[in-house]
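Any read-out appearing in this document is the output of simple, stated calculations on the displayed coordinates, not a laboratory observation. Computed from a predicted structure; not experimentally measured. Glycine gets a Cβ as well: all are built from the backbone with ideal geometry, and neighbour counts include every protein chain shown.
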Amino acid sequence: MKTIKLHTGDNLPTVGFGFWKVEPETVGGLVEHAVRGGYRHLDCACDYGNEADVGKGIANVLQQKICTREELWVTSKLFNTYHRAEHVRAAAEKSLMDLQLDYLDLYLIHFPISLKYVPIEHRYPPGWVYDPDAESPKMELSPVPIQETWQAMEELVEAGLVKNIGISNFGTSLIRDLLSYAKIRPSVLQIESHPYLTQEKLLRYAKQENIAVTAYSPLGALSYVSIGMAEQGDIVLEQPVVQVAARHHGKTAAQIILRWGIQRGNAIVPKSSRPERLDENIALFDFELSDAEMRSISALNCNHRFNDPGVFGEEVFNTFCPIYE
Ligand SMILES: NC(=O)c1ccc[n+]([C@@H]2O[C@H](COP(=O)([O-])OP(=O)(O)OC[C@H]3O[C@@H](n4cnc5c(N)ncnc54)[C@H](OP(=O)(O)O)[C@@H]3O)[C@@H](O)[C@H]2O)c1
């Protein structure tokens with residue numbers, strides 16, 4: 001597995017397995033299949049509601065000695081309800097307990113959105129709405145300065161609970177501000193990126209600041225069709241340039257898109273609940289796209305963001321909460 005060298009000296013495996021929407025009962029078998037097939041990077045989050053199942057899967061692969069803990073890269077994410085300094089450590093410790101680990105390789109602030117606190121004992125994962133039993137359930141914002149959250153994240157590194165800290169769904173202005181006070185700089189920025197949302201300026205800025213980028217939803221609309229946040233017509237796999245490249249290299253359209261993702265210098269964390277697709281999504285290192293192929297896939301960009309709190313916050317959680325505008 002190829003890796004990306006972070007400013008801390010750690011090596012982030014280029015292809016990871018993302019666990020959003022993976023059914024808890026299937027997680028354990030998929031973790032074993034993935035690690036046996038060469039995956040060394042697991043992209044988890046409190047919000048995905050399956051960290052305890054990933055933890056059982058990790059315990060199983062370590063017990064069977066399929067790989068060692070040191071060879072595995074495990075990411076988790078601080079959810080929006082835990083941004084206050086006094087809640088950050090408890091949230092990280094809950095993820096560690098569920099994942100059956102004594103350290104995380106990477107802990108990310110999941111979104112630059114701070115929601116009203118919900119105690120872990122009351123509901124976990126808390127989800128996006130404050131009170132699901134209310135007559136009209138909705139997200140309830142409770143702003144916390146990112147600086148306060150970041151300093152608490154830094155304390156996790158100092159306490160040895162976390163090796164690297166980073167951010168997700170942040171734009172350049174917020175990162176620039178964060179870098180003005182960060183004692184420990186972010187190692188990784190995780191953002192939505194695929195051929196319809198290439199994010200060239202954000203990538204260039206991250207590179208300039210020596211922050212590695214992980215692209216989430218690297219296959220684009222595929223993840224969003226089933227939850228009503230994209231349409232069949234938004235799927236990039238059918239694009240002629242992708243199909244031509246797939247035929248030329250004897251690869252699937254998904255492999256072309258994923259190869260484009262890593263060849264841009266990013267890590268990617270594709271999700272699949274199907275073992276054969278997990279194998280497909282990691283078989284990306286025996287071919288290379290030409291400069292012309294890279295350019296023509298990048299030219300598909302139309303700044304189409306599928307995962308936008310400014311849209312789903314209102315449609316699904318009853319609260320208008322734009323973060324990118
Ligand atoms: N930081 C954030 O805010 C954030 C947000 C979203 C996602 N993420 C992370 O990024 C990961 C990946 O993103 P994602 O799950 O949204 O999208 P994705 O990995 O781009 O796409 C997943 C979708 O593509 C299908 N698929 C996977 N491999 C395929 C293949 N080879 N051929 C055809 N279809 C294929 C999957 O279906 P099957 O499962 O049926 O194969 C699923 O519907 C997440 O799991 C999560 O870890 C992070």
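Quick rundown of the values:
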{"item": "Flag for residue 47 being surrounded by fewer than 21 Cβ atoms within 10 Å (Cβ to Cβ), closer than 30 Å to residue 185 by Cβ and either within 12 Å of the ligand (Cβ to nearest atom) or of a type in the set (Val, Ile, Thr) (or both)", "result": "yes"}
{"item": "Yes/no for residue 306 being within 15 Å of residue 229 (Cα to Cα) and within 10 Å of the ligand (Cβ to nearest atom)", "result": "yes"}
{"item": "Number of positions in the range 105-119 that are surrounded by 24 or more Cβ atoms within 10 Å (Cβ to Cβ) and in contact (Cβ under 8 Å) with a residue 40 or more places away in the chain", "result": "5"}
{"item": "Identity of the residue in the range 255-292, closer than 14 Å to residue 17 by Cα and among the basic types (Lys, Arg), that ends up surrounded by the most Cβ atoms within 10 Å (Cβ to Cβ)", "result": "271"}
{"item": "Residue list for the range 120-149, filter: hydrophobic (A, V, I, L, M, F, W, C) and either closer than 23 Å to residue 12 by Cβ or in contact (Cβ under 8 Å) with a residue 24 or more places away in the chain (or both)", "result": "120, 128, 129, 139, 141, 144, 146"}
{"item": "Any hit, the range 17-25, residues being among the charged types (D, E, K, R), surrounded by fewer than 22 Cβ atoms within 10 Å (Cβ to Cβ) and on the phi < 0 side of the Ramachandran plot", "result": "yes"}
{"item": "Selection status of residue 265, small (Gly, Ala, Ser) and at positive phi", "result": "yes"}
{"item": "Candidate set: the range 208-246, residues that are touching a strand residue (DSSP E or B) at 6+ places or on another chain (Cβ under 7 Å) and polar (S, T, N, Q); chosen: the one nearest to the ligand (Cβ to nearest atom)", "result": "217"}
